[in-house]
Amino acid sequence: MNQPPNNGRPPYPNAAPAAGQGYPAAPRAFASQPAAPVSPPRPNPHANLNPAPPPGRQAAPGHSEGMAYRQPAPHDRSPMTAQPPSGPVNPRSPQAAIAPQRPPMPPRRSKRVRHPIVIIGNAIFTVILLLALVLGATAWWGKDRFEAAGPLAEDKVVNIPRGYGVKDIADLLVREGVIDQPYVFVAGAMVLKSRGEEMKAGEYEFQKRASLRDVANTIGEGKVVQHQLTIAEGLTSEQIVARLLESNILSGNIKEIPREGSLLPESYKFTRGTTREQVIQRMQQAHKRVLQEVWDRRQPDLQVKTPEQLVILASIIEKETGRHDERTRVASVFHNRLKTNMRLQSDPTIIYGLVGGKGSLGRQLMRKEIEQPTPYNTYTITGLPPGPIANPGRASLEAAANPARAKELYFVADGTGGHAFSENYEQHQKNVARLRVIEKDGQATALPLADTAVAPNPIQLPAAAPRVAAPRPAAPRPAAAQAVPARPAAQTTPAAPRIQ
């Protein structure tokens, strides 16, 4: 059967040429060109690397077993791909056929990605991210250490001088054993400073096992230790100044002794390093405030007409008795005497006229000193002395402004720590005789009568020593107050810290 010529092509599109037949030569259009010399085939060094055809399949005609087997792809069997090429086919030499194919070049990166600004931005973002991670880890660790219990084994008071910075404060606390992480403390103090809490100088008390946060908050909030200063009633201004100068908690000097009766004896709280002038000013301001309050609540029919006269009378009451329940009755005696134009005849006024602000005579009064005229001696003058003889407390000021409603003109010690009051001289003499009986029985310590001596200042006498009024018919006087124990000197004791 004659087959149509196919110009050397296989009868089917995907059919391989027969053995020994090969592919046809170039078209006739290129016949005029000289054919390229064909070199003899060389052994294929990759023959052993080519896979063999699967079992049951024979190698295509014209192909040796060493040649690579190519499984026809589905699209190769498509009629569209089965058409012969329309253009000339360049034959490949055996050397080119066995040469490895180069992989395709990767696509070039965009110029926008390679821009310097983008590169710098990526680098900055990476650095910021790393820094954020490092700072976050550091902050977590620092917060844990900042709130952990400290090394302090017991409560301790530390004084931070003025002018110390955060680093100096941290070093001081490390030396005192309050903290053991100075760098964490400095970092925490910086955070508190950013919130407006500065590290303040002062004396601070730190609790046992206080954490760094507790220490920093205590200093930042200024919770300094408060000390208490107690000034006893009845002290003169000179004595109060002496007490302030004895305190080692206060600082500075006092320019001048304040006016007598211008200070309010009371308990005051202050911090270490407070100046003595500041304490004096606080006492003066407290006295003015209390005096105004008492004066506004006074009885309308008083024998004193000004706040200054009220202070003078209150100072005499303060020196005559230390018992709270007797102050209003003693005040009533003096008001009744002023009303009847009788001399007050108070022994403390004699002593103040002799020694002034020193406050104590150091011995008993003698008869000649009673009759010795001084501006303050109420045995020789009528009415009130020209000024206070001490600094009265609030209770004596209240008693002078609101005396008891009584007609009593005399009082004498009763031998039990109090006084016996009477409205007339005869009753007063009986009270004196009763006191003599008590003294004779040994129930009280007897003192000489006023014809030889008068009992000294109450601050000098023991608690059981009474004073007896001298009976003077021409001008009877009230008995001086029974001696009371000496009032305690000003004391400075530490008090608990303050939570602002």
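Applied to the stretch 145-156, the Karplus parametrisation 6.51 cos²θ - 1.76 cosθ + 1.60 on θ = phi - 60° returns per-residue 3J(HN,Hα) values of 6, 5, 9, 6, 4, x, x, 5, 7, 8, 4, 8 Hz, with x for Gly and Pro. Backbone amide hydrogens, once placed in the peptide plane, bring His227 within less than 5 Å of Phe270, Thr271, Arg272, Ala495, excluding anything fewer than 5 places away on its chain. Listed by chain and number, the aspartates and glutamates placed with their C-alpha closer than 13 angstrom to that of Lys255 are Glu238, Glu277; residues fewer than eight positions away on the same chain are left out.
Longer than 31 Å from Cα to Cα, which of Lys269/Lys319; Lys156/Lys319; Lys167/Lys208; Lys156/Lys193; Lys319/Lys407 are they? Say none if no pair is. In this structure, Lys156/Lys319 exceed 31 Å between Cα atoms. With all projection directions averaged, the alpha carbon convex hull of the stretch 108-187 covers 8.5 nm².
Database remark: amide H of Leu344 closer than 5 angstrom to the amide H of Gly383 (H placed geometrically; neighbours at sequence offset of 5 or more, or on other chains; Pro and chain starts carry no H). In this structure, the amide hydrogen of His419, modeled 1.01 Å from its nitrogen in the peptide plane, lies closer than 5 angstrom to those of Asp414, counting only residues at least 5 positions away or on a different chain.
Quick note: the coordinates plus some simple rules give every number you see, no bench work behind them. Note that the structure is predicted; figures quoted are calculated from it, not measured.
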